[in-house]
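Here is the structure we will look at.
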Amino acid sequence: QVQLVESGGGLVQAGGSLRLSCAASGSVVSLNSMRWYRQAPGKQRELVASITSDGSTNYADSVKGRFTISRDNAKNTVFLQMNSLKPEDTAVYYCYARNDYMNVYWGQGTQVTVSS
(Lines give C-alpha, C1' and ligand atoms only; values in the text may rest on other atoms or scores of the structure.)
Protein backbone atom coordinates (compact mmCIF):
# COMPACT_ATOMS: atom_id res chain seq x y z
CA GLN A 1 0.00 0.00 0.00
CA VAL A 2 1.12 3.54 -0.78
CA GLN A 3 0.06 6.73 0.93
CA LEU A 4 0.34 10.07 -0.86
CA VAL A 5 0.25 13.37 1.01
CA GLU A 6 0.09 16.66 -0.91
CA SER A 7 1.09 20.06 0.40
CA GLY A 8 1.81 23.53 -0.89
CA GLY A 9 -1.58 24.67 -2.08
CA GLY A 10 -3.04 28.04 -1.18
CA LEU A 11 -4.28 31.39 -2.41
CA VAL A 12 -2.16 33.40 -4.83
CA GLN A 13 -2.71 36.35 -7.14
CA ALA A 14 -2.65 35.92 -10.89
CA GLY A 15 0.91 35.89 -12.14
CA GLY A 16 2.19 34.38 -8.94
CA SER A 17 3.79 31.03 -8.20
CA LEU A 18 3.19 28.00 -6.00
CA ARG A 19 5.08 24.78 -5.51
CA LEU A 20 3.14 21.63 -4.72
CA SER A 21 4.74 18.61 -3.09
CA CYS A 22 3.54 15.03 -2.87
CA ALA A 23 5.30 12.69 -0.48
CA ALA A 24 4.84 8.97 -0.95
CA SER A 25 5.20 6.47 1.86
CA GLY A 26 4.63 2.77 2.25
CA SER A 27 5.46 0.38 -0.60
CA VAL A 28 7.18 2.97 -2.79
CA VAL A 29 9.90 0.81 -4.32
CA SER A 30 8.11 0.05 -7.58
CA LEU A 31 6.45 3.40 -8.28
CA ASN A 32 6.96 4.31 -11.92
CA SER A 33 4.48 6.93 -13.10
CA MET A 34 3.69 9.87 -10.87
CA ARG A 35 1.26 12.56 -11.96
CA TRP A 36 -0.62 15.65 -10.98
CA TYR A 37 -4.28 15.97 -11.84
CA ARG A 38 -6.65 18.81 -11.09
CA GLN A 39 -10.38 19.22 -10.81
CA ALA A 40 -12.16 22.54 -10.94
CA PRO A 41 -15.74 22.94 -9.67
CA GLY A 42 -18.21 21.46 -12.13
CA LYS A 43 -15.48 20.04 -14.35
CA GLN A 44 -13.92 16.65 -14.88
CA ARG A 45 -10.59 15.76 -13.37
CA GLU A 46 -7.82 16.44 -15.88
CA LEU A 47 -4.20 15.42 -16.18
CA VAL A 48 -1.83 18.31 -15.61
CA ALA A 49 1.62 16.72 -15.76
CA SER A 50 3.30 13.35 -15.47
CA ILE A 51 6.79 12.03 -14.84
CA THR A 52 8.21 8.54 -15.10
CA SER A 53 10.85 6.95 -12.92
CA ASP A 54 13.52 7.82 -15.51
CA GLY A 55 12.47 11.46 -15.58
CA SER A 56 10.44 11.64 -18.77
CA THR A 57 7.78 14.33 -18.50
CA ASN A 58 4.55 15.25 -20.20
CA TYR A 59 2.29 18.29 -19.78
CA ALA A 60 -1.19 19.40 -20.63
CA ASP A 61 -1.15 22.06 -23.35
CA SER A 62 -2.75 24.54 -20.96
CA VAL A 63 0.24 24.48 -18.58
CA LYS A 64 3.19 23.99 -20.94
CA GLY A 65 5.86 26.58 -20.34
CA ARG A 66 4.38 27.56 -16.96
CA PHE A 67 4.42 24.37 -14.87
CA THR A 68 7.32 22.02 -14.19
CA ILE A 69 7.04 18.55 -12.71
CA SER A 70 10.01 16.92 -11.02
CA ARG A 71 10.70 14.10 -8.62
CA ASP A 72 13.21 13.21 -5.96
CA ASN A 73 13.37 9.44 -6.02
CA ALA A 74 15.54 9.32 -2.90
CA LYS A 75 12.82 11.12 -0.95
CA ASN A 76 9.89 9.54 -2.81
CA THR A 77 8.52 12.97 -3.52
CA VAL A 78 7.12 14.60 -6.64
CA PHE A 79 6.84 18.34 -7.11
CA LEU A 80 4.84 20.67 -9.29
CA GLN A 81 6.30 24.14 -9.73
CA MET A 82 3.56 26.43 -10.98
CA ASN A 83 4.51 29.84 -12.37
CA SER A 84 2.52 32.57 -14.08
CA LEU A 85 -0.64 31.26 -12.48
CA LYS A 86 -3.99 32.19 -13.98
CA PRO A 87 -7.46 32.22 -12.45
CA GLU A 88 -8.34 29.25 -14.64
CA ASP A 89 -5.70 27.23 -12.80
CA THR A 90 -7.94 27.32 -9.73
CA ALA A 91 -8.75 23.73 -8.77
CA VAL A 92 -8.09 20.96 -6.32
CA TYR A 93 -4.79 19.36 -7.31
CA TYR A 94 -4.36 15.63 -6.78
CA CYS A 95 -1.23 13.54 -6.71
CA TYR A 96 -1.34 10.16 -8.46
CA ALA A 97 1.08 7.25 -8.40
CA ARG A 98 1.13 3.95 -10.23
CA ASN A 99 3.43 1.04 -9.52
CA ASP A 100 4.84 -1.70 -11.70
CA TYR A 101 1.85 -3.89 -10.85
CA MET A 102 -0.53 -1.22 -12.22
CA ASN A 103 -1.90 -0.39 -8.77
CA VAL A 104 -3.05 3.21 -8.63
CA TYR A 105 -2.96 5.52 -5.63
CA TRP A 106 -4.37 9.00 -5.07
CA GLY A 107 -3.65 11.74 -2.58
CA GLN A 108 -6.36 13.63 -0.74
CA GLY A 109 -5.94 16.79 -2.83
CA THR A 110 -4.77 20.31 -2.14
CA GLN A 111 -6.68 23.47 -3.05
CA VAL A 112 -5.09 26.03 -5.34
CA THR A 113 -6.94 29.32 -5.74
CA VAL A 114 -5.73 32.03 -8.11
CA SER A 115 -7.36 35.42 -7.74
CA SER A 116 -7.61 37.90 -10.60
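What percentage of all Cα-Cα pairs in segment 73-116 are separated by more than 15 Å? Across segment 73-116, Cα pairs with separations above 15 Å total 57 percent. At q = 0.10, 0.12, 0.20 Å⁻¹, what log₁₀ I(q)/I(0) does a Debye calculation on the Cα points of the chain give, no solvent, two decimals? One equal scatterer on each Cα of the chain leads to -0.26, -0.38, -1.03.
Positive contributions from Lys and Arg (+1) and negative ones from Asp and Glu (-1), summed over other residues with Cβ under 15 Å from the Cβ of Ser17, come out at +2.
Could you give the accessible area per residue of the chain, probe 1.4 Å, as a whole number in Å²?
On the way: 6040 Å² over 116 residues.
Accessible surface, normalised per residue, equals 52 Å².
Taking every alpha-carbon pair under 8 Å whose residues sit at least 6 apart, the chain reaches a relative contact order of 36 percent.
Distant-in-sequence amide contacts of Asn32, defined by a placed amide H-H separation under 5 Å and a gap of 5 or more residues or a different chain, comprise Arg98, Asn99, Asp100. Heavy-atom accessible area, probed at 1.4 angstrom with all protein chains present, ranks Thr57, Thr77 as Thr57, Thr77, highest first. For the chain, the fraction of 1.4 Å probe accessible surface lying on carbon and sulfur atoms is 47 percent.
Beyond 18 Å, what share of the Cα-Cα pairs of segment 9-57 remains, rounded to the nearest whole percent? Tail of P(r) above 18 Å: 50 percent of Cα pairs.
May I ask what percent, to the nearest 5, of DSSP beta bridges between residues of the chain are antiparallel? Intermediate values should be presented prior to the final figure.
On the way: 40 of 44 bridges.
Bridges in the chain are about 90 percent antiparallel.
For Lys86, the lysines whose Cα comes closer than 24 Å to its Cα, not counting residues fewer than 8 places off in the same chain, are Lys43, Lys64.
The values are calculated or read from the model by the stated rules, or taken from the named source; none is laboratory data. Everything quoted here is computed from the prediction, not taken from an experiment. Note: ideal-geometry Cβ built from the backbone for every residue, glycine included; neighbour counts use all protein chains shown. Remember, those area values only see protein heavy atoms, side chains included, never the ligands or the DNA or RNA. Shrake-Rupley method; radii C 1.70, N 1.55, O 1.52, S 1.80 Å.
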